[in-house]
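A short write-up of the structure that comes next.
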Amino acid sequence: MNNVGPLLRSCPFILLLALMAAPDSTAQGLDSRIVFASNRDGDWDIYSMDVSGDNLHQLTNHRTSDEYPAWSPDGKRIAFNSNRGLSPDLYVMDSDGKNAIRLTRDGRSKSRPSWSPDGARITYSSFRLDVGNSEIYVMDADGNNEINLTNHKWNDVKPSWSPDGREMAFESFRTGAFNDPTHIFVMNADGTERRNLTADTHLRFNSAPSWSPDGHRIVFSSKFNLAGDDIFVITADGKELEQLTDGPGTSGLPVYSPDGRKIAFVSGRREDSNIYLMDANGKNAVKLTESAPGTGNTSPSWLPRALAVNPKGKLPISWGVLKRTGNP
């Protein structure tokens, strides 16, 4: 064993292979925080907790509603929408809840922020009376250079950026059918080449898409039998569909963990709702929060992990190791 150190120093690629083959002892720790919204204190505020449901921290404490938090890719900031400026606008704050900055000020309702993978831009949906419906917009992370991506007569809402930054999934009413109102669409990040991902399925009332970390799948909820929402996953090409939950009650707003092994979701109604965690195949669901009657917990967002995840599901590799072991 005394010869291992010099060997690794002379052959750094061996060190990389050793790290890839080693047990992933850091995975749980790096995915250990979830941020979410709760009205447990009388109005909607932003909280964070461990994936076990422990170590609860209240990040905002404002008399108006703070909702729909979204962690930035570097884990340093959280975007959210708030009524504290008299209309639902987008804000960003440090991950500990400090230094909240208002990004939008035009008085038009905004919701559901989603960061680009490089952290440079934020996409969101906005309802505007002058337009007459909700559209998907994108802006720089400082609130400048807003662009309307969808520009359609029917509502487009709840955008989700793909892990490679090339596409966005969103929920749309653009079918225009009363009994088939919402589908999951995917478009290029510039708003071009939109396609209906769920058109050829038996599902109706589809909502709140979210990408898997490898970009191969999109998880969403659907009220396919009108009895209550359940969670489904579909491949990014729309060819394979799988149902993950089957009641009781309503389940929705699903989001993958950064390693793709778990899904956090909301079950119940918006009031008396709680956040759950399940395996990516829909099994072993556990409740993470408890809500008193008339209160709820919703909109979970995972802390991004510091290590990259191989798209094929292999163990994470440190980019710092890759940089140090690369050829000069």
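The values are calculated or read from the model by the stated rules, or taken from the named source; none is laboratory data. Only a predicted model underlies this, so the values are computations on that prediction, with no experimental measurement involved. No Cβ is skipped: glycine too gets one built from the backbone with ideal geometry, and neighbour counts run over all protein chains shown.
For this structure, a couple of remarks:
- Scanning the stretch 140-151 for any residue that is crowded, with 20+ Cβ neighbours inside 10 Å and either free of Cβ contacts under 8 Å to residues at least 12 places away in the same chain or over 20 Å from Arg194 (Cβ atoms) (or both) turns up nothing.
Conditions (1) aromatic (Phe, Trp, Tyr); (2) under 20 Å from the mean Cα position of the chain (by Cα); (3) within 21 Å of Pro213 (Cβ to Cβ), marked per residue:
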{"position": "Asp118", "(1), (2), (3)": "no, yes, yes"}
{"position": "Arg128", "(1), (2), (3)": "no, no, no"}
{"position": "Ser134", "(1), (2), (3)": "no, yes, no"}
{"position": "Met139", "(1), (2), (3)": "no, yes, no"}
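- Within the stretch 92-119, the set of residues being part of a loop (DSSP other than H, G, I, E, B) and either of a type in the set (A, V, I, L, M) or buried (at least 21 other Cβ atoms within 10 Å of the Cβ) (or both) comprises Ala100, Leu103, Thr104.
- One residue stands out among those in the stretch 219-229 that are buried (at least 22 other Cβ atoms within 10 Å of the Cβ) and more than 18 Å from Gly296 (Cα to Cα): the one that is modelled with the lowest pLDDT, which is Ser222.
- Residue in the stretch 141-176 that is farthest from the chain's Cα centre (by Cα), counting only those that are small (Gly, Ala, Ser) and at positive phi: Gly176
Table: residues versus (1) surrounded by 21 or more Cβ atoms within 10 Å (Cβ to Cβ); (2) at pLDDT below 95; (3) touching a strand residue (DSSP E or B) at 6+ places or on another chain (Cβ under 6 Å).
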| position | (1), (2), (3) |
| --- | --- |
| Leu30 | no, yes, no |
| Ile34 | yes, no, yes |
| Ala37 | yes, no, yes |
| Asp41 | no, yes, no |
| Ile46 | yes, no, yes |
| His57 | no, no, yes |
| Thr60 | yes, no, yes |
| Thr64 | no, yes, no |
| Pro69 | yes, no, yes |
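- Subset of the stretch 232-275 [among the charged types (D, E, K, R) and closer than 15 Å to Ser212 by Cα]: Asp237, Glu240, Glu242, Asp259, Arg261, Lys262
- Filtered residue count, the stretch 257-270, keeping only those that are among the small types (Gly, Ala, Ser), free of Cβ contacts under 8 Å to residues at least 40 places away in the same chain and not in a strand (DSSP E or B): 1
- Some residue of the stretch 283-305 being free of Cβ contacts under 8 Å to residues at least 40 places away in the same chain, hydrophobic (A, V, I, L, M, F, W, C), in the same structural domain as Ile184 (by TED's automatic domain parsing) and part of a loop (DSSP other than H, G, I, E, B): no
- Looking across Ser273, Ser257, one residue alone is closer than 22 Å to Phe224 by Cβ, among the polar types (S, T, N, Q) and either crowded, with 18+ Cβ neighbours inside 10 Å or modelled with pLDDT under 95 (or both). It is Ser273.
- When each of Leu103, Leu56, Leu90 is tested for being among the aliphatic types (A, V, I, L, M), in contact (Cβ under 8 Å) with a residue 24 or more places away in the chain and touching an Asp or Glu at 6+ places or on another chain (Cβ under 9 Å), the lone residue that passes is Leu103.
- Of the residues making up the stretch 79-91, none is buried (at least 19 other Cβ atoms within 10 Å of the Cβ), polar (S, T, N, Q), assigned by TED's automatic domain parsing to the domain that holds Arg217 and not in a strand (DSSP E or B).
- Test: residue in the stretch 246-256 that is among the charged types (D, E, K, R) and part of a strand (DSSP E or B): no
- Looking at Phe232, Phe185, Phe224, just one residue is assigned to a strand (DSSP E or B), among the aromatic types (Phe, Trp, Tyr) and closer than 30 Å to Asn284 by Cβ, and that residue is Phe232.
- Of all the listed residues (Phe220, Phe224), the sole one being among the aromatic types (Phe, Trp, Tyr), in contact with an Asp or Glu (Cβ under 9 Å, 6 or more places away or on another chain) and over 17 Å from Arg112 (Cβ atoms) is Phe224.
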